[in-house]
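Enquirer: Sharing a structure below in structure tokens format, with a few things to ask.
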Amino acid sequence: MGYAIGLMSGTSLDGVDVALVKYDEGMSSYELEDFFTIPFSDELKKKVTDAIDINQSNVALICGLNIELGYFFGEAAKKMIEKHQRLGRKIDFVASHGQTLYHQPISEDNLIASTLQVGESSVITEVTGVKVVSDFRYRDMAVGGQGAPIVPYSEFILYNDREKQQILQNIGGISNATIIPKNATIQEITAFDTGPGNMIIDELVRHFYQEEYDDNGQYAKQGRVSEKVLEHMMSHSFFSRPMPRTTGREDFGQHYVTALLDTYELSANDWIATATKFTAKAIALSLASFFIDNTDLIIGGGGSYNPTLLSMIQEEVPSFVSVKTQEDLGQSSEAKEAVAMVVLGHRTLLGKTSNVPSATGATKEVILGKITW
Ligand SMILES: Nc1ncnc2c1ncn2[C@@H]1O[C@H](COP(=O)(O)OP(=O)(O)OP(=O)(O)O)[C@@H](O)[C@H]1O
Ligand SMILES: CC(=O)N[C@H]1[C@@H]2OC[C@@H](O2)[C@@H](O)[C@@H]1O[C@H](C)C(=O)O
């Protein structure tokens, strides 16, 4: 038995999630012991949003940000380490996802398939005094995969072997799903991004209300869905790309929202309601062929704290599908991906593979990640 820390800084750009996980050497049990999120300062968030914006970004900014985020992640992990060292717990390793600045899942228009996560592991190791496992996506890409999604292996370990088919639907900035058939083998796992998560909703709430997100779905609840705008959104080229597919801010970020706002006129709450419905519809459409009798649709990620979004999802899926949240299973919606990093990091340290080729399109199973001692 040991303790490790998982760090996840996702596409929502809300900060870094820090999870303390107790694990067993047999690689079958990973229990969340403690969790907190350290938000980005306004200054750091601005640097990250500039770095991911193709029109604002520059190589000096990215170079500096790699180190600056390394310190930010390192300090966040150190806070957890110190808290638990006082309780006599020794932390064996930190597993860090890094901040995605760009993700090009497939080669097109002169751009080779590639992905970039920053937050230098050498700095995290130096700040924490603990070895760090990081950069999980590149090895999968090196064998022809899209480098995403990478959580399915962890979900397979943590959620398999139940009596029902389970669909784990994460709603972060982007939404991604893992389908685990009843008593599945790793080859039977399917996973892909279902489209936008909270990204469009957040962007609209920032635009109209200068707030970070639609707290409890209050604005969407008061708005009316515009069928015309919804139809336009559903015609996005993402939905015609071959499966398995992944996406990112490049498809549904600020530029996408600005173009929508320039084309259509709706009230603030109608915009937010329409974007919320779009997220729900994109999920239902992407999962349509997997809804068989006796399926649980388990929602995780920050989107599970938006009841308007949850009820729109329930409206869009067949009535025999029961929509639950991680909390309904006694788990944590917000900690799930940070916990997944520990599962991946542990496997890296043991020299075990952890990509899922049926999800990423990789030609073979490989050991993900790099270790900084
Ligand atoms: N109480 C709440 N009400 C409504 N929405 C919420 C609430 N809490 C969180 N969210 C939404 O969840 C988002 C954060 O989700 P999460 O932390 O899962 O994203 P992430 O890990 O950054 O993204 P990804 O999984 O795409 O990498 C917020 O930006 C917000 O839109
Ligand atoms: C490149 C990248 O950072 N992708 C994220 C993002 O956020 C959600 C979705 O898009 C998913 O594909 C992925 O994250 C999770 C952790 C994954 O790879 O499984």
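Enquirer: Among what's in segment 242-255 and is out of contact with any Asp or Glu (no Cβ under 8 Å at 6 or more places or on another chain) and either part of a helix (DSSP H, G or I) or modelled with pLDDT of 95 or more (or both), pick the residue that is least open to solvent (accessible area, probe 1.4 Å).
Expert: The residue in question is 252.
Enquirer: Continuing with this model, one more query. Give the residue that is farthest from residue 362 (Cα to Cα), with candidates limited to residues of segment 171-189 that are open to solvent by 10 Å² or more (accessible area, probe 1.4 Å) and in contact with a Gly (Cβ under 9 Å, 6 or more places away or on another chain).
Expert: It comes out as 172.
Enquirer: Which one of the conditions (1) part of a strand (DSSP E or B); (2) surrounded by 24 or more Cβ atoms within 10 Å (Cβ to Cβ) does residue 166 fail to meet, given that it meets all the rest?
Expert: (2)
Enquirer: Quickly run through segment 191-216 and pick out the residues that are away from ligand 2 (no atom under 16 Å from the Cβ) and either open to solvent by less than 20 Å² (accessible area, probe 1.4 Å) or in a strand (DSSP E or B) (or both).
Expert: 204, 205, 214
Enquirer: Go over the candidates 289, 267, 226 one by one and state the one that is away from ligand 1 (no atom under 16 Å from the Cβ), farther than 20 Å from residue 49 by Cα, outside the structural domain of residue 15 (by TED's automatic domain parsing) and open to solvent by 80 Å² or more (accessible area, probe 1.4 Å).
Expert: On the way: 267 fails: open to solvent by 80 Å² or more (accessible area, probe 1.4 Å); 226 fails: open to solvent by 80 Å² or more (accessible area, probe 1.4 Å).
Answer to the check: 289.
Here's the yes/no breakdown for (1) within 19 Å of the chain's Cα centre (by Cα); (2) within 30 Å of residue 272 (Cα to Cα); (3) open to solvent by less than 40 Å² (accessible area, probe 1.4 Å):
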position	(1), (2), (3)
307	no, yes, no
312	no, yes, yes
317	no, yes, yes
327	yes, yes, no
335	yes, yes, yes
344	yes, no, yes
358	yes, no, no
365	no, no, no
368	yes, no, yes
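So that you can scan it fast, the table gives a plain yes or no per residue for (1) touching a residue at least 12 places away in the same chain (Cβ under 8 Å); (2) open to solvent by less than 40 Å² (accessible area, probe 1.4 Å); (3) more than 15 Å from ligand 2 (Cβ to nearest atom):
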{"residue": "3", "(1), (2), (3)": "yes, yes, yes"}
{"residue": "14", "(1), (2), (3)": "yes, no, no"}
{"residue": "23", "(1), (2), (3)": "yes, yes, yes"}
{"residue": "26", "(1), (2), (3)": "no, no, yes"}
{"residue": "46", "(1), (2), (3)": "no, no, yes"}
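Enquirer: Another one. Just name the residue that is farthest from the chain's Cα centre (by Cα) out of those in segment 129-150 that are farther than 21 Å from residue 250 by Cα and buried (at least 24 other Cβ atoms within 10 Å of the Cβ). Even if it seems obvious, please write down each step before you answer.
Expert: Taking segment 129-150 first, the residues farther than 21 Å from residue 250 by Cα are 129-134, 139, 142-143.
Of the ones still in play, those that are also buried (at least 24 other Cβ atoms within 10 Å of the Cβ) are 132-134.
Details: 132: 20, 133: 18, 134: 16 Å.
Selected residue: 132.
Enquirer: Residues in segment 198-209: is at least one without any contact (Cβ under 8 Å) to a residue 40 or more places away in the chain and either in the same structural domain as residue 11 (by TED's automatic domain parsing) or away from ligand 1 (no atom under 16 Å from the Cβ) (or both)?
Expert: Within segment 198-209, not a single residue is without any contact (Cβ under 8 Å) to a residue 40 or more places away in the chain and either in the same structural domain as residue 11 (by TED's automatic domain parsing) or away from ligand 1 (no atom under 16 Å from the Cβ) (or both).
Enquirer: Given (1) touching a helix residue (DSSP H, G or I) at 6+ places or on another chain (Cβ under 9 Å); (2) open to solvent by less than 70 Å² (accessible area, probe 1.4 Å), where does residue 259 come up short, assuming only one miss?
Expert: Failed condition: (1).
Enquirer: Moving on to the next point. Within segment 146-160, track down each residue that is within 27 Å of residue 26 (Cβ to Cβ), part of a loop (DSSP other than H, G, I, E, B) and within 11 Å of ligand 2 (Cβ to nearest atom). Before you say what the answer is, go through the steps one by one.
Expert: Looking only at segment 146-160, we keep the residues that are within 27 Å of residue 26 (Cβ to Cβ), and these are 149-160.
Subset that is part of a loop (DSSP other than H, G, I, E, B): 149-151, 160.
Within segment 146-160, 149, 150, 151 meet the criteria.
Enquirer: Tell me the residue from 6, 10 that is of a type in the set (Gly, Ala, Ser), within 16 Å of ligand 1 (Cβ to nearest atom) and under 16 Å from residue 172 (Cα atoms), please.
Expert: Working: 6 fails: under 16 Å from residue 172 (Cα atoms).
Only one candidate qualifies: 10.
Enquirer: Right, something else. Can we say residue 265 is assigned to a loop (DSSP other than H, G, I, E, B) and free of Cβ contacts under 8 Å to residues at least 24 places away in the same chain? Please lay out each step first, then the result.
Expert: Values: assigned to a loop (DSSP other than H, G, I, E, B): yes; free of Cβ contacts under 8 Å to residues at least 24 places away in the same chain: yes.
Considered against the rule, which asks whether it is assigned to a loop (DSSP other than H, G, I, E, B) and free of Cβ contacts under 8 Å to residues at least 24 places away in the same chain, residue 265 comes out as yes.
Enquirer: Output the residue which, of all residues in segment 95-127 that are hydrophobic (A, V, I, L, M, F, W, C) and more than 23 Å from residue 45 (Cα to Cα), is most open to solvent (accessible area, probe 1.4 Å). So that I can check it myself, show each step before the final result.
Expert: Going through segment 95-127, the residues hydrophobic (A, V, I, L, M, F, W, C) turn out to be 95, 101, 106, 111-113, 116, 118, 123-124, 127.
From what's left, more than 23 Å from residue 45 (Cα to Cα): 106, 111-113.
Details: 106: 79, 111: 82, 112: 124, 113: 36 Å².
Going through the qualifying residues, I end up with 112.
Enquirer: When you look at residue 238, is it open to solvent by less than 10 Å² (accessible area, probe 1.4 Å), among the hydrophobic types (A, V, I, L, M, F, W, C), in contact with a Pro (Cβ under 9 Å, 6 or more places away or on another chain) and assigned to a helix (DSSP H, G or I), yes or no?
Expert: Values: open to solvent by less than 10 Å² (accessible area, probe 1.4 Å): yes; among the hydrophobic types (A, V, I, L, M, F, W, C): yes; in contact with a Pro (Cβ under 9 Å, 6 or more places away or on another chain): yes; assigned to a helix (DSSP H, G or I): yes.
Answer is yes for this residue.
Enquirer: Going through 282, 220, 273 one at a time, which residue ends up being assigned to a helix (DSSP H, G or I) and within 16 Å of ligand 2 (Cβ to nearest atom)?
Expert: Details: 220 fails: within 16 Å of ligand 2 (Cβ to nearest atom); 273 fails: within 16 Å of ligand 2 (Cβ to nearest atom).
None of the others qualify; the one that does is 282.
The values are calculated or read from the model by the stated rules, or taken from the named source; none is laboratory data. Remember, predicted model here, so these are calculated numbers, not experimental data. Positions of Cβ are backbone-derived with ideal geometry, glycine not excepted, and every protein chain shown enters the neighbour counts. For accessibility, only protein heavy atoms count, side chains too; no ligands or nucleic acids. Shrake-Rupley method; radii C 1.70, N 1.55, O 1.52, S 1.80 Å.
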